Structure formats: structure tokens, C-alpha cells
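What follows is a set of notes on a single structure, which appears directly below.
Every read-out reported here was derived from the displayed coordinates using simple, explicitly stated rules and does not represent laboratory data. Worth saying up front: this structure is predicted, and the values here are computed from it rather than measured. Because the Cβ atoms are built from the backbone with ideal geometry, glycine has one as well, and the counts that use them run over all protein chains shown.
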Amino acid sequence: MASKENPSVNKNCPVSATIRLIGGKYKALLLWHLTGQTLRFNQLHRLVPEATPKMLTQQLRELEEDGLISRTVYPVVPPRVDYSLTALGESLFPILEAMYRWGSALMQDEGLTPACTMTDSYSTTKKEQEDCPSCSCHARSKS
């Protein structure tokens, strides 16, 4: 695993193994946004604007080194680089969806109204997806 190792983490724990892969500051968000689609660096940066370009690059490199995303470079000018989930990255969708549902319930418990509702974006085509205007996640905006 390319992610930085924490010597105090139990290497035989399945939860620790998962956290080592997706526990970076923006990794889960990047994986969530890449679910079911291919995006370029600038698109990802717009979806996660609080990440500096340096941090975004670092997180994407670690995800690629860990086999969760693929990076495709096209030999064109200006350079074009696409990011997408690998099969291993796609296998994280149930975990990311559970995080979405848990976060939505937490927000409701705190009296907040989630800006969007979950849809089965993973099984829809990109053409059928409607991104939430508030956070651009793969969920439908509440009307």
C-alpha cells in the first residue's frame, strides 16, 4: 500500500486496512465523485475546492498507487489526463454509499436538511445522472 504507514495501527485489522487506503483527507470524497464516471483533474478540483492542487495531486497519486483509481494520459497538447475507478475502487461503492446514508441521518438528527437524496447512481449511465447542485455528488437534488 502506497499510503503512509502509521506504526501504531494494527496491520492485521480489516478496518485499519481499509482506513489505510481511504483514510486520507480527501480520498473518500474523490472516490465518491469518481463513482460511475471519468473525470479530469480540474473537474475533481472543482468538486473538492478546499483541496490545494498539491494535496489533490498527492491524494490522487496514493489512490492510483494503491490500485483504487486509474490515471490515463493522452498524448495531446495540452496534456489530457483522465481519472476513473478501477474494479477495486468500484468495490468500495457500498462503503461510500453507507457513509452517505449515515451522514445524511446524522445531519437530520442535528436538524440539518441534506441538500440531496441518494439515488442508485452507480448503476445508471452518466447521461441519466443528475448531480446535486449543492455538492455535485451523485444524488438528486431535493425539490
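Rounded to the nearest whole Å³, what is the per residue volume of the convex hull around the Cα atoms of segment 63-102? Provide the component values of the computation, followed by the final result.
Numbers: hull volume 3.0 nm³, N = 40.
Cα-based convex hull of segment 63-102, divided per residue, equals 75 Å³.
So, in nm, how far is label Gln43 from label Met107 when the simple model puts each one 7 Å beyond its Cα toward the Cβ?
Each label point is offset 7 Å from its Cα along the Cβ direction, giving 2.3 nm.
Kindly state, to the nearest 0.05, the FRET efficiency for Thr18 paired with Thr52, given R0 = 35 Å and r defined as their beta-carbon distance. Walk me through the numbers before you get to the answer.
Details: r = 25 Å, r/R0 = 0.73.
Efficiency computed from Cβ-Cβ geometry: 0.85.
With labels modelled as points extended 7 Å from the Cα through the Cβ direction, what inter-label distance (nm, one decimal) is found for Ala98 paired with Ala115?
2.6 nm
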